[in-house]
1. Could you check the simple spin-label distance between ASP393 and ALA349, using points 7 Å along Cα→Cβ, in nm with one decimal?
2. Roughly speaking, to the nearest percent, how much of the chain's 1.4 Å accessible area is carbon and sulfur?
3. Take LEU241, project a point 7 Å from its Cα along the Cβ direction, then tell me which residues of the stretch 186-228 have their backbone nitrogen under 18 Å from it.
4. Which aspartates and glutamates, on any chain, are close to LYS333 with Cα under 13 Å apart, when same-chain ones fewer than 8 places away are left out?
5. Exactly which GluC sites (Glu not before Pro) in the stretch 216-257 are in a DSSP loop and have at most 14 other Cβ atoms within 10 Å?
6. Only Cα pairs under 8 Å and at least 6 apart count here; give the relative contact order of the stretch 189-337 as a rounded whole percent.
7. Within the stretch 336-372, list the residues whose amide N lies under 11 Å from a label point set 7 Å along Cα→Cβ of THR410.
8. I want to check the label-to-label distance for ALA203 and GLN301. Put each point 7 Å from Cα in the C-beta direction and report it in nm to one decimal.
Amino acid sequence: MLKIISSVVLCVACNASYAALQIQSWTLSNGARVLFVENHTIPMLDVSVDFDAGSRRDPAGKSGTAALTGAMLARGIHAAPTGNEGALSEAQISDAFADTAAQRGGRFDDDRAGATLRTLVTERETAVSLLARVLAYPSFPEEFLQRDKARTISAIKESLTKPEAIAGKAFSKRLYGSHPYGQQADVASIEAIKREDLLAFHAKYYVANRAVVALIGDVTRAEADQIAQQLTQRLPQGEALPPLPPVTIAPGEEERISHQASQAHILIGMPGMARHDPDHFALTVGNYVLGGGGFVSRLMQQVREQRGLSYGVSSYFIPMAQPGPFQISLQTKKEQADQALQVVRSTVADYLRDGPTPAELKAAKDNLIGGFALRIDSNKKILENIAAIGFYDLPLDYLDTWTDKVSKVTAAEVKAAFQRKIQLDKLATVVVGAAEK
């Protein structure tokens, strides 16, 4: 009985803490947006600063510029134009963060790039000041650029031997073609990048008026405001960025690429949903039933459990600023590739026609709602969530209303949302390793 009472008390306490997750948001005079969660449970501060500087902003013919710019921010900083802040080398920057026990990290994807920091609140003044200098005054030393380019080229060449990487590159090209989401760094594009390109990219995209500062930790609102100003006050103002072309959806085609691997690597999908898609929750719940729910998903049941065609098969949506990929992935024996493809396509067709059963819908919602606590059970995870809320301009109550919106999804909404977003004749297929047809 004591255990039951304790569990109830803990559960109530957990729910209370989630409901109390208040995100404060404001905009600095320089245009930077700030999102802050005050949390005094531990004497730590977690910070991130994001910019619209992901790979979708790579210059034509120089794919990889955005990634190299982000990676080289802390390779060295030059002296501040005013004051007594001198230049620092990569080693001196690393030592300075280490001296305060602070952890500096980075973030990079198609949409955004930036930096993260975890520091003791007692050391935050030094750590935050150093991060601000890293963001504003990178020197991009030529010798480190050549080193990083060599490492990148080596990684690209190695990836071209791996079937999963080959499949991923071909799949992205199939889905996005010449759209910026489809551009990928290769040896030629990396070799074409000069130090001047990094300087120009940094000057254009790492600007105060498009910065998103997220903070959670043992500081007050006034202190958070002062930290956000400290992080962005050295950054310049930037001009409005040109809009990116819309994502277009091409007719689905199948591409087969020969490879000596014993397994065929299969990817199936098409552009799916953007961050602001009104079908977001219906697709999230529905995908759990189709291929997101592990061993209970339909694809796993049909492909693995009933036919033994693969150890695993899954599906997922990646919401981005523009429609990100909907992707089904699996590996199977080369000689079983055609049968596995037929089963996957048949399973998707049945799901589009019928939608989830009442039992499948209930199981999906129970699991998603039950697992929600794990999405925000640490400062690091909360920081990731509020940084995304800020960058993608999602509602501030996004986390507070997440489980309620999941609970209200109906089977009819799932079916309609999938029929709007997924068309069988638009599904691109890439098979690496199986015999050509």
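1. It is 4.2 nm.
2. On the way: 10890 of 19860 Å².
Answer for the chain: carbon and sulfur cover 55 percent of the accessible area.
3. 197-214
4. none
5. Here the sparse-neighbourhood loop sites are GLU239, GLU253.
6. Relative CO of the stretch 189-337 lands at 23 percent.
7. Inside the label zone: nothing.
8. 6.0
The values are calculated or read from the model by the stated rules, or taken from the named source; none is laboratory data. Keep in mind the model is a prediction, meaning the values are calculated, not measured. All Cβ positions, even for glycine, are placed from backbone atoms using ideal geometry, and neighbour counts span all protein chains on display. We work out accessible area using only protein heavy atoms, side chains counted, and drop any ligands, DNA or RNA first. Shrake-Rupley method; radii C 1.70, N 1.55, O 1.52, S 1.80 Å.
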